[in-house]
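Single-structure report; data block below.
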Amino acid sequence: MYFVAVVLPERINEKVLVYKQLMREKYGCRVGLKSPAHITLVPPFWMQEDAEALLTAELGKLAPFSSFTLSTNNFDAFKPRTIFIALQPSGPLEDLKKMTDEIFRDQPHLRIKTDTRPFHPHITIATRDLHKKSFAEAWPVFAGKTFSESWMAEGISLLKHNGLAWDVIFTHPFRKAE
């Protein structure tokens, strides 16, 4: 299983990890801890391992894309099961999502379906294993917190599930912003 994302720098990942660990300690949420902090561009999909090289080559088509700044906008939720860090609107991130979707639409032999839901970029803290009762208890705590960070998005990554967690197996760097 694979997915495509913008992975956050380690300094931001460490700050996000504090909240993921809090959710594990208080509510038993472990799913969020299985991946580095990221913004999903193509949700998880199944693919044969021998197609990895083709997929990474396709991601190389984003070579002209320039690095860009991303900023967070505190916490938000997809009620009643997901708590996340929201992002400030970003034209370059929207463009990256569109370009990524176009790449996959142009490669039907990879059989990777793009998400049909509207793009709502976010950084997940707790999700599928957050029960509704725990959400009702945890959300008021997060709703009042601030999380304000900015960083340069410098590449697009392919992550692969190793049976226990998600590993970044490839990152295609963007051009340095001018």
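The values are calculated or read from the model by the stated rules, or taken from the named source; none is laboratory data. Given the structure is predicted, the values throughout are model-derived calculations rather than measurements. Counting neighbours? That spans all protein chains shown, and the Cβs are built from the backbone with ideal geometry, glycine included.
Residues in the stretch 152-178 that are of a type in the set (S, T, N, Q) and under 16 Å from the mean Cα position of the chain (by Cα) were compared, and the one that is farthest from V4 (Cα to Cα) is T171.
The set of residues in the stretch 13-30 being touching a residue at least 24 places away in the same chain (Cβ under 8 Å) and over 13 Å from the mean Cα position of the chain (by Cα) consists of K15, Y19, K20, M23, K26, Y27, G28, C29, R30.
Scanning the stretch 140-166 for residues that are among the charged types (D, E, K, R) and over 25 Å from F75 (Cα atoms) yields one hit, K160.
Could you list all residues from the stretch 19-61 that are closer than 18 Å to T100 by Cβ and charged (D, E, K, R)? The answer is E52, E58, K61. Among the residues making up the stretch 113-151, those that are of a type in the set (D, E, K, R) and either part of a strand (DSSP E or B) or within 19 Å of the chain's Cα centre (by Cα) (or both) are K113, D115, R117, R128, D129, E149. What pairs come up if the first residue lies in the stretch 135-162 and is under 27 Å from E94 (Cα atoms), the second is of a type in the set (D, E) and at pLDDT 95 or above, and their beta carbons are under 6 Å apart, counting only those six or more places apart or on different chains? What qualifies is K160/D167.
For K176, indicate whether it is under 16 Å from S67 (Cβ atoms), exposed (fewer than 12 other Cβ atoms within 10 Å of the Cβ) and of a type in the set (K, R). Criteria met by K176.
Can you tell me which residue within the stretch 76-91, out of those that are among the aliphatic types (A, V, I, L, M) and in contact (Cβ under 8 Å) with a residue 40 or more places away in the chain, is nearest to S134 (Cα to Cα)? Here the residue is I83.
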